[in-house]
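The values are calculated or read from the model by the stated rules, or taken from the named source; none is laboratory data. Keep in mind the model is a prediction, meaning the values are calculated, not measured. Neighbour counts run over all protein chains shown; Cβ positions are idealised from the backbone, glycine included.
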Amino acid sequence: MNIIKACETEQMRDDIKDFNIGDTVKVHFKIIEGKTERVQVFEGLCIAKKNSGIRKTFTVRKISYGIGVERTFPLHSPKIVNVETVRVGRVRRAKLYYIRNRVGKAAKVKEYIQKKDSKAALKKSKKGGEIKTEKVEAVNETVQQQIPVNAESKIKKGNKELKGKKEIKDTKVKKTAAEPDVEAKTGASNEKKKTAATVKKGDSKKKA
């Protein structure tokens, strides 16, 4: 039994990508016609998977000219060149035999939309890591340069506003200090006028 398993494991293939039931699949397989050999593509919906090990098979169904066509392929056959997944389906069954009785849109399977995970984003970023890190560093440098400039500009604006307010206060203080001087000058001039008038009156009385 161990010898049989060893022979089977040698013949099993690891190069075929994994796919699930409900996926639309393109199967590239070899066809030998006499002496010529060519690769034919069979595209359809994967309905079922059977057996295990080297005997594992999968069934693909397609509709050609309104007629349903099913074909069963051995997964580890040397005639299969490649199995390409075109569309990932959202399915909750292991066998999709109910599609045989469906027609039109009812025979279609909903597409499984995968969400972008942070791990996938990290993998992509690692591929172009050098370019992205350079861009990030450049952005960080510009931000660091802009922050002190903005702070300095704000400080300068604040200082200018304070200086303007101080100048306004100083002018108000000067005006208030100048007002009593003006009043004193006007009072002195009035007193001089009064004294001059009294002197003139006294002179006029003496002459009389």
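What to note about this one:
- When residues of the range 107-127 are limited to those that are part of a loop (DSSP other than H, G, I, E, B) and under 16 Å from the mean Cα position of the chain (by Cα), the one modelled with the highest pLDDT: 115
- Answer residue from the range 1-19, given it is in contact with a strand residue (DSSP E or B) (Cβ under 7 Å, 6 or more places away or on another chain) and hydrophobic (A, V, I, L, M, F, W, C) and is surrounded by the fewest Cβ atoms within 10 Å (Cβ to Cβ) among those: 16
- Filtering the range 76-92 to residues that are closer than 14 Å to residue 47 by Cα and surrounded by 12 or more Cβ atoms within 10 Å (Cβ to Cβ) leaves 85, 87, 88, 89, 91.
- Within the range 69-105, the set of residues being among the basic types (Lys, Arg) and in contact with a His (Cβ under 6 Å, 6 or more places away or on another chain) is empty.
- Looking at 44, 22, 66, 53, just one residue is free of Cβ contacts under 8 Å to residues at least 40 places away in the same chain, surrounded by 10 or more Cβ atoms within 10 Å (Cβ to Cβ) and of a type in the set (Gly, Ala, Ser), and that residue is 44.
- Any hit, the range 83-98, residues being more than 30 Å from residue 7 (Cβ to Cβ), without any contact (Cβ under 8 Å) to a residue 40 or more places away in the chain and not basic (Lys, Arg): yes
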